[in-house]
Structure formats: C-alpha cells, structure tokens
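Novice: The structure is given below, and queries will be raised subsequently.
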Amino acid sequence: MVLTASFAAFVFAVEHPATKGPTRCWIQETFYEQEWADPPVGTPIVEASFATEPVRDMCDAADDPAIVVNGSDFFILGTNKQASLNVYDQSGALIERADNLGAPNNVDVRDWQGRTIALASEKDNGAVLGFWVDTTTGKLSALAGSPFDAEAEDEVYGLCLYDAGSTLYVITTDKSGLIVQYALQGNSNSVSLRTVRRIRVGSQPEGCVVDDANHALYVGEEDVGIWRFDARPDRANKGTLIAKTGEDGTLTADVEGLAIYEGEGACNGYLIASSQGDNTYAVYDRSAPHEFRGRFQFRSEGEIVGDTDGLEVTSAALGDDYPSGILVVQDGMIRDRNGDRRYQRFAVVSWSQVAEALGL
C-alpha cells in the first residue's frame, strides 16, 4: 500500500498544473522511462530532410509545430513549453523567439483579416496566446488582447483553428475531456474570444485539427483513438470514432498530433496522426470511411525520431526540394539509446518521400 500510495503521489505531482518549471523537469529527467518500442514489422523508414536547432531547455520542452507558407518559402513555428514560441527558417535556424509566455503547448495558423495569425494554447494559466506573423521575415507581434482566457476544468492542452469562411474559430482541448469552441471576434485593434460550443470525450484528449473544406473536426483521445465531429458550431455534438488504439486498432497510445494533407479537391488528401506508443505516424484517407493507408517511422541522422507530440503538414509546393510539400514532427526523445541527454527539436521531411514509402 505504501508503494502504491507513493507512486500515486508521484504521478499526481508530475501532472498537477502547479508543478512547473525546474521541479517538473527534474521529476521527468529523473524518473521518466522513455519508450523505445519497435514499430510493427515491415514499417518503412523515412529519413528527415533536416531538423531545426534543438530546443535547449531542460526535459520535455518542444511540443507542436505549425507551418507558415509564403509562395515557395516557409517558416516553421514551434512551441517550447518552457516559455516561448519559436520561429525557424528553411534551414532550421532559430530566427525569432517570443519569450516569457508561460507554457505554450499547441499552435496553429490561418489567414485572418488579410494577415497570417498564430494562436497557441498556454497550459500554466489556462489561456490562448495570439500573434500576427510576418510571412516575409517570420517576426511575431502580439495580438491585441492576448493572452485570452480559456475555459478549463483541468488544464488547457491542445488547440486548433477552423476557418469557416465568415468566422475564424479557435478550438481548445482540456485534460478533463472538455473541448471548447470559440469565435474569434474584433479587428487588429481589439480582439476577443466568445464561447460558442462545448463538446466532450470520455478521457484526456490533446491533438486536434480541422479540415476546413469539409467542416470536419478531428480530436485525438489519447488512450482511445481519433474522433470526427462536425466543426460547425450549430451541428450535433455527437462524434464518430474513426481510428482506434489497441490490438484491433491502427494506433498505439498515446494518440497525439493530427494534421490534414490537402490533395486536389476536398475529397482528396490524408489525415496524419502521431502514434506515440510505437514511435510511428499513421496515415488515413481524408474522406470517410478514412481507410488506413499505412504507417512509417522517421529517422534523422541515423537516430529514431519519436515520442512525438505535435506534427503539421502542408501540400503547398515549396520549391524544387519539396514539390509536394513537407511534414514537420516534434522529436520528443530526451535521451538516446545509450541513455545520454538529447535535446528535443522538430524534424522535417519532403512529403514526396512519405508518399513513396507508403505507395500513396
């Protein structure tokens, strides 16, 4: 009983929102057992094209990327849960850092009022952070009114955006299972969030993504699978489980980052998911019934890329090296196979390589 109670107290200490910064880092560095689970036999391996500069903070720091496209050029936004939102150029160099932000977790971008906007969930204070992004320089500037209060029963975790045409919506997930949808209101001088909808899943979710063209919201319930909801706030809150974890599923818990690869037309393309438990990435058809198209593993300079939280993808043609776009994933490994310290980062691969590996 003493051991059981001690272990329960340890888990509570790690997960409690009040356990922040160096304390949480020390606990994770000392006790966290990183999974080196081998992927299913026959899983193809895709080699990263490049990786960003490491996030040189203690323990679990990098989390979720977003991609800002400007013609054939691009920037990568990446959250650092130890206080910042980072911007990387096409070589992976860190060129911008918005600091002292609390604990940014998930980030997403859209065009709004003729400019590019980035919003991020912030765990420590139950908030949503907002920025304008200069698509030429990668510079960040705070959105008027940011940070915005978010509804939370436990801890604000995931975030994704939904462009419905006339309205841009912000969607947050909470560790309790609560999913809240907000309408973004105002202009460049005054911005606010208005709650328009609440949805719930049975246990902890994190990653989410919206397929704008098809009004489809996908949410990863970490131990269960991927849910699809109608993203329009006036529609029913009932979801459909389209992919499951476990022996009869195609995912190994935790289900983490989700992204949509947009093909030609709203019916074509893929849904990509981080299958964290076996360090792979699962690919499904964008359209129902969301046929499973396969999984692959990522390597960078011979090292496995895994324990992935967030990921993002774009189908935009980004020059000769990336004619079909790129996939960016968080490399969550904090140790190598020898147990030596390894900083987290974001790894990038040409989508053409993924498509070739899976025969898409």
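The values are calculated or read from the model by the stated rules, or taken from the named source; none is laboratory data. All values reported here derive from a predicted model rather than from experimental measurement. Neighbour counts run over all protein chains shown; Cβ positions are idealised from the backbone, glycine included. SASA here: full protein model, heavy atoms, side chains in, ligands and nucleic acids out. Shrake-Rupley method; radii C 1.70, N 1.55, O 1.52, S 1.80 Å.
Novice: Give or take rounding to whole Å, what are the principal axis extents of the alpha carbon atoms in the chain, in descending order?
Specialist: Extents along the principal axes, in whole Å: 55, 45, 42.
Novice: In addition: Which residues in the stretch 87-128 have a backbone N closer than 13 Å to a point placed 7 Å from the Cα of residue 321 along the Cα-to-Cβ line?
Specialist: From the stretch 87-128, the list is 89-93.
Novice: For the stretch 218-310, what is the largest minus smallest coordinate of the Cα atoms on each principal axis, given in angstrom and ordered from greatest to least?
Specialist: If we take the Cα atoms of the stretch 218-310, the spans are 47, 31, 23 Å.
Novice: Once the dipole of the chain is set up with Lys and Arg at +1 and Asp and Glu at -1 on Cβ about the Cα centre, which of 208, 65, 170 lies farthest towards its positive end?
Specialist: 170
Novice: Let me ask something additional. Okay, helix-only estimate at 222 nm for the chain: each DSSP H run of n ≥ 4 adds -39500 (n - 2.57), divide by all residues, round to 500 deg cm²/dmol; what do you get?
Specialist: The per-residue figure over the chain is -3000 deg cm²/dmol.
Novice: How much of the accessible area of the stretch 78-169, probe 1.4 Å, is carbon plus sulfur, in whole percent?
Specialist: Roughly 40 percent of what the probe reaches on the stretch 78-169 is carbon or sulfur.
Novice: Top mean-square fluctuation among 252, 136, 52, Gaussian network model of the chain, C-alpha springs under 10 Å?
Specialist: 136
Novice: At 0.36 nm per residue, and after removing the present C-alpha to C-alpha distance, how many nm does the segment from residue 91 to residue 167 gain when stretched out fully?
Specialist: Taking 0.36 nm per residue and subtracting the Cα distance, the gain is 23.9 nm.
Novice: Let me ask something else. Along the charge dipole of the stretch 244-357, Cβ charges K/R +1 and D/E -1, which of 316, 339, 276 sits furthest on the positive end?
Specialist: 339
Novice: Can you tell me the FRET efficiency between residue 113 and residue 358 if r is taken as the Cβ-Cβ distance and R0 is 45 Å, rounded to the nearest 0.05?
Specialist: Given R0 = 45 Å and the Cβ-Cβ separation, E is 0.75.
Novice: Taking the chain as a Gaussian network, where each spring joins two C-alpha atoms under 10 Å apart, which residue of 300, 166, 146 fluctuates the most?
Specialist: Among 300, 166, 146, the largest GNM mean-square fluctuation belongs to 166.
Novice: Hey, what do the phi angles of the stretch 86-103 turn into as Karplus ³J(HN,Hα) couplings, whole Hz, using 6.51/-1.76/1.60 and θ = phi - 60°, x for Gly and Pro?
Specialist: 9, 10, 10, 8, 6, 9, x, 6, 6, 10, 7, 8, 8, 10, 6, 9, x, 9
Novice: Rank 168, 119, 258 by mean-square fluctuation in a GNM of the chain with C-alpha springs under 10 angstrom and give only the top-ranked residue.
Specialist: 168
Novice: Could you work out the longest stretch of the chain that avoids the trypsin sites (Lys or Arg not before Pro) located in DSSP loops with at most 13 other Cβ atoms within 10 Å?
Specialist: Counting only loop sites that pass the neighbour cut-off, the longest clear stretch is 57-234.
Novice: How large is the accessible surface per residue of the chain, computed with a 1.4 Å probe and reported in Å² as a whole number?
Specialist: With the other protein chains kept in place, the chain gives 41 Å² per residue.
Novice: Averaged across orientations, what area in nm² does the convex hull of the alpha carbons in the stretch 60-203 project?
Specialist: Result: a mean projected hull area of 8.6 nm².
Novice: What is the gain in length, in nm to one decimal, between residue 203 and residue 240 on full extension, counting 0.36 nm per residue of separation less the C-alpha to C-alpha distance?
Specialist: Length gained between residue 203 and residue 240: 11.8 nm.
Novice: What is the magnitude of the charge dipole of the chain about its Cα centre, with +1 placed on the Cβ of each Lys and Arg, -1 on the Cβ of each Asp and Glu, and no other charges, expressed in debye to the nearest 20?
Specialist: Here the chain has a charge dipole of around 740 debye.
Novice: Same structure again: Could you calculate the contour length gain from residue 99 to residue 342, that is, 0.36 nm times the residue separation minus the distance between their Cα atoms, to one decimal place in nm?
Specialist: 85.2 nm
Novice: I'd like the carbon and sulfur percentage of the solvent accessible area for the stretch 246-302, probe radius 1.4 Å, heavy atoms only, ligands and nucleic acids excluded.
Specialist: 41 percent
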